[in-house]
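For reference, the structure is listed below as structure tokens.
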Amino acid sequence: HRDLHSFPTRRSSDLIADKIVHAVRNESAGRQRLAGKFLKGVPYAAGTHGHHLWLPLPQRWNRMEFLTEVLRRGLAVVGDDAFAVDGASAPAVRVSLGAARTRAELAQALQSLAEMFASTAQSFQVV
């Protein structure tokens, strides 16, 4: 009898969970489309509903210089070396599309990254 009484509650919980999953997938897909808009012409790897994308760094950018410039612009990405198991990896950064609170914030960040990819690398001095 207990199972029959809990069925409506479980079914209701399942429907709520399905709605949440659907909303998260839609938001992720929207953020991926936004990335595609701002990073047009910039090679990157991402899943349609993924929360992250990988940006391989052009040869003109040194990983540390790129990460320094990203921080200077008030952004945060993670270098590929944080994910390398054997220490060997191609220079790239992982961008979290879900970290920005809003799509407007994400658009500003993606615009800044696109500008960096369009510009030539600069030498920075750490003091």
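The values are calculated or read from the model by the stated rules, or taken from the named source; none is laboratory data. Everything numeric in this text was worked out from a predicted model, so none of it was measured. Positions of Cβ are generated from backbone atoms using ideal geometry, with glycine treated the same way; all protein chains shown enter the neighbour counts. Note: accessible area is taken over every heavy atom of the protein model, side chains too, but ligands, DNA and RNA are not part of it. Shrake-Rupley method; radii C 1.70, N 1.55, O 1.52, S 1.80 Å.
Spin-label pair Ser96-Ala84: with each label point 7 Å from Cα along the Cα-Cβ axis, the two points sit 2.2 nm from one another.
Can you tell which of Ser89, Ser112, Ser12 shows the greatest fluctuation in a Gaussian network model of the chain with Cα springs below 10 Å? Highest fluctuation of the listed residues: Ser12. Taking amide H as placed 1.01 Å from N in the peptide plane, the amide H of Leu57 sits under 5 Å from that of Ala92, Val93, each at least 5 places away or on another chain. Rounded to the nearest 500, the 222 nm mean residue ellipticity of the chain from helices alone is -17000 deg cm²/dmol, with -39,500 (n - 2.57) taken per DSSP H run of at least 4 residues. When the residues Trp54, Trp61 are ordered by accessible surface, computed with a 1.4 Å probe over the protein chains alone, the sequence from largest down reads Trp54, Trp61.
Classify region 60-122: rounded, prolate or oblate, from the alpha-carbon gyration tensor (a ≥ b ≥ c, eigenvalue square roots; a/c under 1.5 rounded; otherwise prolate if a/b is larger than b/c)? Taking the square roots of the gyration eigenvalues as a ≥ b ≥ c, region 60-122 is oblate. Classify region 28-70 as rounded, prolate or oblate, taking a ≥ b ≥ c as the square roots of the eigenvalues of its Cα gyration tensor: rounded when a/c is under 1.5, otherwise prolate if a/b is larger than b/c and oblate if not. Prolate, since a/c reaches 1.5 and a/b exceeds b/c. Each label point was placed 7 Å from the Cα along the Cα-to-Cβ direction; for Lys19 and Met64 their separation is 5.2 nm.
Rounded to the nearest 10 degrees, the inclination of helix 63-72 to the longest alpha-carbon principal axis of the chain is 70 degrees.
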